[in-house]
Structure formats: C-alpha cells, structure tokens
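The values are calculated or read from the model by the stated rules, or taken from the named source; none is laboratory data. Values in this document were obtained by computation on a predicted structure and should not be read as measured data. Cβ atoms come from the backbone with ideal geometry, glycine included; neighbour counts cover every protein chain shown. Protein only, heavy atoms only, side chains kept; ligands, DNA and RNA dropped before computing areas. Shrake-Rupley method; radii C 1.70, N 1.55, O 1.52, S 1.80 Å.
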Amino acid sequence: MPLREYKLVVLGSGGVGKSALTVQFVQGIFVEKYDPTIAIITEDSYRKQVEIDGTQCMLEILDTAGTEQFTAMRDLYMKNGQGFVLVYSIIAQSTFNDLGDLREQILRVKDKDVVPMVLVGNKCDLQDQRVIASDQGEDLARKFNCTFLEASAKTRIKVDDIFHDLIRQINRIDPPVKSAAKKKGGCLLL
C-alpha cells in the first residue's frame with residue numbers, strides 16, 4: 001500500500017510556540033530563542049514519516065505565521081489542510097481569546113461543521129506563570145468538539161500525542177484503505 005500523505009496545519013497567535021512544537025515533533029529539538037516565522041516567509045513546511053496504529057504515514061506540517069496580515073494565504077492553507085492544531089499559550093490570555101475566530105474561519109473555509117482538530121495549551125512547563133486553567137481549555141475543546149491537550153515543546157510533554165491524535169481523527173473520517181485507492185496516480189500539492 002502506498003504511503004498515505006496528511007496535510008496538517010498549526011495555527012495560533014504569535015509567540016505561542018507553534019514552531020517550537022512542530023520542530024520538537026519533527027526534529028526532536030527545542031528551539032530556545034523565539035524567531036517569528038514571518039521573517040522572510042509566511043510559514044514553514046515540515047515533512048515527517050511516522051507509524052500510527054501500524055500504518056506508515058507521511059505528514060506534511062504547515063507551521064503558520066501568527067499574524068493577521070496573511071488572511072488570503074491563511075484561507076488557502078485552511079482549504080488544503082486535513083487537520084488543524086490550534087495552539088495557545090497557558091501564560092497569555094489573549095492567545096486563548098483568539099481561538100474562537102480561528103476555528104470559525106476554518107469551518108467557514110472548509111464549509112463543514114466538524115473538522116479534525118486538536119486544541120493545545122502549550123508551555124505547561126511554566127505552571128508558576130499560568131493564567132489559563134486546564135479546565136478552561138477543556139471547556140473550550142468541548143465547545144469546539146475537539147481533543148484537548150496541554151503540552152510543552154520545551155520538555156516534549158504530549159508533543160507526539162498532538163499529531164498522532166490528529167491523524168487518528170482524519171482516519172476516522174477517511175479511513176486509509178479507501179483513500180489510498182482514491183489518490184492512486186496523483187499527488188496532492190498545497
């Protein structure tokens with residue numbers, strides 16, 4: 001069976017740790033200094049092959065810029081993405097407040113009521129600076145009808161779980177065997 005490809009998109013406000021989570025998952029390293037993804041390009045793309053539930057998967061992960069000035073681009077990668085990681089920082093209230101609009105935009109662009117999604121409260125290693133309680137994240141995830149995880153890119157807490165859970169959600173909607181036959185002979189491009 002050919003390797004199945006998954007297009008995942010990591011979204012959230014600037015500084016929440018989108019790049020740190022992605023790089024930790026793909027390369028197993030923690031990027032200490034904050035280097036806004038917006039520098040020269042609006043996003044970074046990473047590829048990683050993983051085995052999930054006995055199936056080999058090729059993940060293409062789009063780490064987006066946490067800025068509002070690229071809404072046309074954002075619509076495009078929302079349209080092409082199969083699963084979404086919505087990230088906020090447990091130490092910054094404003095990053096939590098931004099998520100409702102982001103989710104609404106995803107649902108509007110995808111024209112669906114339910115989309116594979118994981119809500120992530122990042123920086124759970126900074127308990128002493130926490131301003132968003134775990135139950136607030138759980139409540140929002142219930143409202144969004146999605147998985148909730150608290151993670152730390154720095155200490156690698158739950159990092160793999162984020163991406164593995166998202167793949168499982170996509171597979172429940174579109175099982176691997178069925179989709180492998182559908183995509184035979186063509187490639188998916190962002």
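One table, with the values for the structure above:
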quantity	calculated
Top positive-direction residue, dipole computed over the stretch 5-173 with Cβ charges, set Val16, Ile167, Ser89	Ile167
For the stretch 106-118, Karplus couplings with θ = phi - 60° (6.51, -1.76, 1.60), whole Hz, Gly/Pro x	4, 4, 5, 5, 7, 6, 9, 8, 10, 9, x, 7, 10
Inter-centroid distance (Cα atoms) of the stretch 48-114 relative to the stretch 128-142, Å	19 Å
Portion, in percent, of the accessible area of the stretch 5-173 that falls on carbon or sulfur, probe 1.4 Å	49 percent
Per-peptide average of other Cβ atoms within 10 Å, ordering 6-18, 126-138 highest first	6-18, 126-138
Global geometry of the stretch 5-173, whether rounded, prolate or oblate, following the gyration tensor of its Cα atoms and the 1.5 cut on a/c	rounded
Of Lys48/Lys110; Lys7/Lys79; Lys48/Lys143; Lys79/Lys123; Lys33/Lys158, pairs whose Cα-Cα distance is over 19 Å	Lys48/Lys110; Lys48/Lys143; Lys79/Lys123; Lys33/Lys158
Heavy-atom accessible area order for Met58, Met73, largest first, 1.4 Å probe	Met73, Met58
Where the stretch 5-173 is the region considered: accessible area per residue in Å², 1.4 Å probe	46 Å²
